[in-house]
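Engineer: Let me begin by handing over the structure; questions about it come next.
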Amino acid sequence: MKPKGLLARVEWLFEEDSADEPAYDPVHLGAAVLLSFTAIGLLYWLLWTLLVYEGGIFLKASALARVLFTSATLKDLGYEGYPYQMGAFEGWYGNLGALAVTVVVVAALRRLYLDAARRRG
């Protein structure tokens, strides 16, 4: 290959950008990456707290259903008193908090979707 041919092939990299094209901004790229990682981390925390922390919300719901609809008592499920031994209900504050945040997030996303759908027609 001729040096001039190689130079002509690479020359377009160093040309001035036209005003019509969007400019590369590393700050916007960095902010997009940072916000993406933050959103992924928050989603992970939310789902982990809702579904895994101290057995998750489904364990508490099934234990509550056993107490309400069968002859099982709270003592059968390991409950001895609020601050000491909660048994199957251990960590219910965190699970209910995550459930509340999940409901708020889903409602906000639904509202955004419906607004966008209404604007589109």
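Engineer: Mind checking which helices in the chain clear 27 Å along their axis (Cα) and have mean Kyte-Doolittle hydropathy of -0.5 or more, DSSP H runs only?
Structural biologist: Values: long enough: 26-51 (37 Å, 1.71); 92-120 (42 Å, 0.56).
Helices meeting the span and hydropathy rule in the chain are 26-51, 92-120.
Engineer: Now a separate question. Could you order peptides 22-31, 71-80 by the average number of other Cβ atoms within 10 Å of their residues, highest first?
Structural biologist: Values: 22-31: 8.7, 71-80: 12.9.
Descending packing order for the listed peptides: 71-80, 22-31.
Only the coordinates and a few stated rules stand behind these numbers; no lab work does. Everything numeric here is computed off the predicted structure, so don't read it as measured data. Glycine gets a Cβ as well: all are built from the backbone with ideal geometry, and neighbour counts include every protein chain shown.
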